[in-house]
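The structure appears right after this line, and notes come after that.
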Amino acid sequence: MAQTRPLGAQISHMLKDRGVDVIFGIPGVHNQEMYRGIEEAGITHVLARHEQGAGFMADGYARATGKPGVAYVITGPGLCNIMTPMGQAYSDSVPMLVISSCLDEMAATKGQLHQMKDQRGAAETVCDWSEEARTADAAYALVDRAIAEFKTNRPRPKHIQVPIQQLETHAEETFARWRPTDKGRQENKFSITRLPGAIKQPMPLDVIDTLAIRLLQAERPLFVFGGGGARQLGASGSSVTSILELANAAVFTTYAGRGVAPPDWPLLFGSSLARPESAKLLDASDCVVLVGTDLAEVDLWRSEAGQRPGAYIVNIDPEVLSQSHPKDWCLQYDAATAMAHLHSALEKHSANALKRPKSGWSADLVAGYRDRWRAEVDAERPGIVPVCDALRSCLPEGTMIYSDMTQFAYTAKEVWDMEMPGHWHHPTGFGTLGYATPAAIGGAVARKGKPTMAIIGDYGFHYTMQELGVAVELGLPLPIILWDNGKLKEIEESMVRAQIAPNAVVARNPDFCKLAEAFGAYACAPKTLAEMQDAVRAAFDADGPTLIYLTPEISA
Ligand SMILES: Cc1ncc(C[n+]2csc(CCOP(=O)(O)OP(=O)(O)O)c2C)c(N)n1
Ligand SMILES: [Mg+2]
């Protein structure tokens, strides 16, 4: 029997019906109607300590699962506080749904609680769209629109605001009418299978065939996989491995694309696109395939990728395709669909006795570049590479890592190959300090029983340290690697390079271990790499988070 409830409660029931199990947020008098239905609907609510924390938790949850990360916030300051995570989710293509209350009336009444000039418009500057629902049906339609777009478009955050009076008004459960009834669809609610475009237009098999033949005939075929590729290919990495084998192709990944190609693939150049020499290699390739990447400035740290004449570009985002070179081939598909077809085409054509010439790449050549780049990375920010190696070797299989804007992460991203795609999350595009702790909490909530770890710098930790309380409350076995170099070191070095006398780059730090303990977390300060490894192993078995405090003085 369809039930009538206040709209605030209906929204939670609808979200549950559409597959949402967890909501991150903070209640207030304005959005309390949204809290009426949460428990009854069977949804777990995680109470953050700041809306920025709630937003990053929703982001971490979404990146860990591919499901939407949902957050409830209040009018005005609640929404403003979550706008930074929305901006982060926008730049990194994360499916996040923020639902807030809003004032019923603005123009005629000044000085209302939580009033701001244009809340909807403000949110729109950091997300895909921001809409107001003035009726129950509008709210339901917007929720379904958001969920549908997460599945079919490049996933990006959306904001729905509902006037307080509407949240309080009783509404019919009409959203149930649209409930998908067939079981297959129910189970598949959030998985990206095919784009609507892919359903309407058949795969352009002639283009895929041409690509397969070109890959087989090329001297130096080269794939670049990005974060979109990692997200869409997910666990179907095996088809990538056989594509690489059939084509004997070399691979670059972006930082977010790590893990799409297996780390032991002998022609893996790694996540080294920021090394200037990578441009030469792209240039040298006679068949470049870009999968789920827009080769953004934050991937390359230069304006141009390299020549890549007549590249094949697989991307679900038409905006990315619109920036291609006129000679490029554009395939508006998700990576999984395109790679599956490419795999069949490669098998067909290699069986058809198309002679595969000796590849222009060799394992030795690739290893030579990689060794040199590793030495460069080590020289740029000395002392971090050995800590990365020790850390990597003690992590349980399938550990998901959330990193922050710290030198430790900048180094790690270039020297740390991932075994699986989608297991290292960094605030890449927006570059927000304070991301790692709450995002890792969201990831740990999403993957109970599986290992999750955060890496953060001493300054960045200050931004969201209060969320430690959430990790303690939820008993999450989360190691938090805190890299304390005693300053805003990346900024200090940048000032020195710009011949600015370094200033405003040292903040007096608290005793981080005592601070963590005050929250009820565990804390330790290992002095050697072996002690660090023991601490990390113990942290994964603990009944709450552990702050693992490291300084550059750590000894081998
Ligand atoms: C919200 C926000 N404010 C400011 C910055 C600029 N910023 C980037 S790194 C950094 C210093 C970070 O210091 P720390 O966390 O100690 O990392 P380190 O570079 O020392 O390893 C600052 C202020 C930012 N990225 N995000
Ligand atoms: Mg620092």
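Under a no-solvent Debye model with one identical scatterer per Cα of the chain, what's log10 I(q)/I(0) at q = 0.07, 0.10, 0.11 Å⁻¹?
Calculated log10 I(q)/I(0) at the listed q: -0.43, -0.86, -1.03.
So if I place +1 on the C-beta of Lys and Arg and -1 on the C-beta of Asp and Glu, and nothing else carries charge, what would the dipole magnitude of the chain be about its Cα centre? I want it in debye, nearest 20. All intermediate terms of the calculation are to be shown ahead of the outcome.
Details: 52 positive and 65 negative charges, 177 e Å.
For the chain, the charge dipole is close to 840 debye.
In whole percent, and with a 1.4 Å probe on the protein chains, what portion of the accessible area of the chain is carbon and sulfur? Intermediate results must be reported in sequence, preceding the final value.
On the way: 11790 of 22450 Å².
That share works out to 53 percent.
When DSSP beta bridges are limited to those with both residues in the chain, what percentage is antiparallel, rounded to the nearest 5?
Numbers: 2 of 60 bridges.
Beta bridges within the chain, antiparallel portion: roughly 5 percent.
Which is farthest toward the positive dipole end of the stretch 4-172 among Val126, Tyr72, Gln166, measuring Cα position about the Cα centre, with Cβ charges +1 (Lys, Arg) and -1 (Asp, Glu)?
After comparing all options, I get Val126.
Using +1 on the beta carbon of Lys and Arg, -1 on that of Asp and Glu, and nothing else charged, what's the dipole of the stretch 381-555 about the Cα centre, debye to 20?
Dipole magnitude for the stretch 381-555 comes out near 220 debye.
Where in the stretch 252-271 does the amide nitrogen come within less than 19 Å of the point 7 Å from the Cα of Glu493, taken along Cα to Cβ?
The answer is 255, 271.
Can you tally the net charge around Val506? Count Lys and Arg as +1, Asp and Glu as -1, for every other residue whose Cβ sits under 15 Å from the Cβ of Val506.
Working: positive: Lys487, Lys489, Arg508; negative: Asp458, Asp484, Glu490, Glu492, Glu493.
Local charge sum for Val506: -2.
Once you have the Kirkwood Rh of the stretch 4-172 from its Cα pairs, apply Stokes-Einstein at 37 °C and 0.692 mPa s and quote D in µm²/s.
Numbers: Rh = 15.3 Å.
Reported coefficient: 214 µm²/s.
Which cross-chain or sequence-distant (5 or more) residues have an amide H under 5 Å from the amide H of Ile23, H modelled 1.01 Å from N in plane?
Long-range HN contacts for Ile23: Thr44, His45, Val46.
Averaging over every viewing direction, what projected area does the convex hull of the Cα atoms of the stretch 385-448 cover, in nm²? Numbers along the way, then the final one.
Details: hull surface 18.1 nm².
For the stretch 385-448, the mean projected area of the Cα convex hull comes to 4.5 nm².
Go through Ile23, Ile213 and list them by solvent-accessible area, largest first, probe radius 1.4 Å. Write down the numbers at each step before the final one.
Working: Ile23 0, Ile213 50 Å².
Solvent-accessible surface, decreasing: Ile213, Ile23.
Specify which residue in the list Leu478, His343, Met532 is farthest towards the positive end of the charge dipole of the chain, using unit charges on the beta carbon of Lys, Arg (+1) and Asp, Glu (-1), about the Cα centre.
Checking the options against the dipole of the chain, the answer is His343.
What order do you get for 523-535, 273-285, 89-101, 410-422 when each peptide is scored by the mean count of other beta carbon atoms within 10 Å, highest first?
Those peptides, ordered most packed to least, come out 89-101, 410-422, 273-285, 523-535.
Let me check something: with ligands and nucleic acids excluded, how do Leu205, Leu365, Leu103 order by accessible area (1.4 Å probe), largest to smallest? Could you put the intermediate results ahead of the total?
Working: Leu205 90, Leu365 70, Leu103 20 Å².
Largest accessible area first, the residues go Leu205, Leu365, Leu103.
Counting only protein chains, not ligands or nucleic acids, how are Asp206, Asp378, Asp511, Asp328 ordered by accessible area (probe 1.4 Å), most first? Mind dumping the intermediate values first?
On the way: Asp206 105, Asp378 60, Asp511 80, Asp328 15 Å².
Sorted descending by solvent-accessible area, the residues read Asp206, Asp511, Asp378, Asp328.
With r as the distance between the Cβ atoms of Glu347 and Asp541 and R0 = 41 Å, compute the FRET efficiency 1/(1 + (r/R0)^6) and round to 0.05.
Working: r = 45 Å, r/R0 = 1.09.
It comes out at approximately 0.40.
Quick one: check the C-alpha center-to-center distance for the stretch 216-236 versus the stretch 41-73, whole angstrom.
Taking the Cα centre of the stretch 41-73 as reference, the centre of the stretch 216-236 is 30 Å away.
Quickly estimate the mean residue ellipticity at 222 nm for the chain, helices only: each DSSP H run with n ≥ 4 gives -39500 (n - 2.57), and the total goes over all residues, rounded to 500.
Helices in the chain give a 222 nm mean residue ellipticity of -12500 deg cm²/dmol.
Using the beta-carbon distance between Asp264 and Trp301 and R0 = 25 Å, what value does 1/(1 + (r/R0)^6) give for FRET efficiency, to the nearest 0.05? Write down the numbers at each step before the final one.
Working: r = 27 Å, r/R0 = 1.08.
The pair Asp264/Trp301 has a calculated efficiency of 0.40.
Could you pull out which residues in the stretch 471-488 have an amide N less than 20 Å from a spot 7 Å beyond the Cα of Asp534, following the Cα-Cβ vector?
It comes to 478-482, nothing else.
Which one, Pro318, Ala379, Leu267, projects farthest toward the positive side of the charge dipole computed for the stretch 233-390 from Cβ point charges (K/R +1, D/E -1)?
Of Pro318, Ala379, Leu267, it is Leu267.
For the stretch 381-555, take the convex hull of the Cα atoms, compute a quarter of its surface area, and give me that in nm², please. Kindly include the intermediate steps, with their values, before the conclusion.
Numbers: hull surface 38.7 nm².
Averaged projected hull area, Cα only: 9.7 nm².
The values are calculated or read from the model by the stated rules, or taken from the named source; none is laboratory data. Small disclaimer: the values here were computed from a predicted structure and weren't measured. Here Cβ is always computed from backbone atoms with ideal geometry, including for glycine, and neighbour counts include all displayed protein chains. For the accessible areas, the whole protein counts, side chains as well, though only heavy atoms, and no ligand, DNA or RNA atoms are used. Shrake-Rupley method; radii C 1.70, N 1.55, O 1.52, S 1.80 Å.
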